[in-house]
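Every read-out reported here was derived from the displayed coordinates using simple, explicitly stated rules and does not represent laboratory data. Only a predicted model underlies this, so the values are computations on that prediction, with no experimental measurement involved. As a convention, Cβ positions derive from the backbone with ideal geometry for all residues, glycine included, and neighbour counts pool all protein chains shown.
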Amino acid sequence: MDTPDHVATHLARNLASLRHARTLTQEALARAAEVPRSTIANLESGGGNPSLTVLVKVANALDVPIDELLAAPRAKVRKWAAADITKSIKGRGISLRSLVPEPIPEEVLTLMDFEPEGAMRGTPHLPGTREFFTCLAGQVTIFVTGERHDLRAGDVLAFPGNVPHSYQNPDAQRSARGVSVVILAKAGV
């Protein structure tokens, strides 16, 4: 069973998380809940001892039940069926599928499936971008600024993502698979 200190900690964490998820400032939430901003700040610091009336007002303003404000943190689990994850075909015989269906700032993680002799040009990125390609199965040849790099299962190639590059499965009989991890440069840096 949770102690009052634990409940205050849960309330602080949950309130801040819910407020951020709704892109509300403390002031905006306070207005919506019809409580002083200092009450929201106090609750988020874990130092508040709110009345039931305050909890009801804040929960209503966030459109959540009170128990969601007070509950111990739960794992945020989500499952995507394979059919729900977008695939695209690029170049000649290469299918791309995001490894992480939720957006990740400044990173692109892609599973690449190569048909026999499949090939495609890479997408140039901003200067400062790094790409890491891991060959998972078969063979993949990557050309970076015209230089050839042959990879087999387990090999990894890192290169600047802003230079001309292309991918190819040189095998006419077998498919290949790899993972591309692109760490994007920040614009204006």
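Hey, how many Å between the Cα centroid of the range 120-179 and the Cα centroid of the range 27-105?
After rounding, the separation between the Cα centres reads 37 Å.
Using DSSP to define loop residues, name the trypsin sites (Lys or Arg not before Pro) in the range 140-189 whose beta-carbon has at most 16 other beta-carbon atoms within 10 Å. Present the calculation step by step, with values, prior to reporting the outcome.
Values: sites: Arg148, Arg152, Arg174, Arg177, Lys186; in loops: Arg174, Lys186.
Passing sites in the range 140-189 are Arg174, Lys186.
Please state the shape class of the range 4-70: rounded when a/c is under 1.5, otherwise prolate if a/b exceeds b/c and oblate if not, all from the C-alpha gyration tensor. Walk me through the intermediate numbers first.
Details: a/c = 1.33, a/b = 1.29, b/c = 1.03.
Cα axes put the range 4-70 in the rounded bin.
Mind ranking 9-19, 27-37 by how tightly packed they are, going by the mean number of other C-beta atoms within 10 angstrom, highest first?
Values: 9-19: 18.4, 27-37: 15.8.
Peptide ranking by packing, descending: 9-19, 27-37.
Give, to the nearest whole percent, the P(r) tail of the chain beyond 24 angstrom, counting all Cα pairs. Intermediate values should be presented prior to the final figure.
Values: 10048 of 17766 pairs.
Taking all Cα-Cα pairs of the chain, the fraction more than 24 Å apart is 57 percent.
Go through the range 54-109 and name the GluC sites (Glu not before Pro) that are in a DSSP coil and have 13 or fewer other Cβ atoms within 10 Å of their Cβ.
Details: sites: Glu68, Glu106, Glu107; in loops: Glu106.
Loop-located and lightly packed - Glu106.
Sort the range 78-189 into rounded, prolate or oblate with this rule: let a ≥ b ≥ c be the square roots of the eigenvalues of the Cα gyration tensor; rounded if a/c is under 1.5, and if a/c is not under 1.5, prolate when a/b is larger than b/c, oblate otherwise. Could the numbers behind the result be given before it?
Working: a/c = 1.89, a/b = 1.08, b/c = 1.74.
Since a/c reaches 1.5 but b/c is at least a/b, the shape of the range 78-189 is classed as oblate.
Run the reach check for Lys79 against aspartates and glutamates, Cα to Cα strictly under 17 Å, same-chain hits fewer than 8 apart removed. What comes back?
Output for Lys79: Glu102.
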